[in-house]
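Chemist: Below: one structure in C-alpha cells.
The values are calculated or read from the model by the stated rules, or taken from the named source; none is laboratory data. Keep in mind the model is a prediction, meaning the values are calculated, not measured. Cβ atoms come from the backbone with ideal geometry, glycine included; neighbour counts cover every protein chain shown. Calculation scope for accessible area: heavy atoms of the full protein, side chains included, ligands and nucleic acids excluded. Shrake-Rupley method; radii C 1.70, N 1.55, O 1.52, S 1.80 Å.
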Amino acid sequence: MLKISFTKQELEKLMDVIHFTPMQKRIMQYRLDEESRVKMAELEKVSVPTIDREIKEIAVKIKKAYDSNLIVL
C-alpha cells in the first residue's frame, strides 16, 4: 500500500504539479489520517479493490512525475 510520508508542503507541491481526481485527493487525506482501506471504502461508498486501484494510480502518477523531473523528492 502507498505509504504517504510527505510533508504538507510536499503534498501541496504534488497537488500543484499532478492532476489527481477528487477521490484520489480524498484518499490521500484519508492516508494522512491513517484510515484503513476498509474505512476509506465505506466513506467513499466503493469497494476495497476500488480503493486499492486508486492508491496504485496515485503511486503511478507520483512516480511518473518524479521520473519526468516534474517533482524532486
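Chemist: Within region 35-61, restricting attention to residues that are touching a residue at least 40 places away in the same chain (Cβ under 8 Å) and touching a Phe, Trp or Tyr at 6+ places or on another chain (Cβ under 9 Å), which residue is most open to solvent (accessible area, probe 1.4 Å)?
Modeler: Lys61
Chemist: Answer yes if at least one residue in region 6-16 is at pLDDT 95 or above and open to solvent by 40 Å² or more (accessible area, probe 1.4 Å), and no otherwise.
Modeler: No.
Chemist: Tally time: how many residues in region 37-73 are among the polar types (S, T, N, Q) and at pLDDT below 95?
Modeler: Taking region 37-73 first, the residues among the polar types (S, T, N, Q) are 47, 50, 68-69.
Next, only the ones that are at pLDDT below 95 stay: 68-69.
Qualifying residue count, region 37-73: 2.
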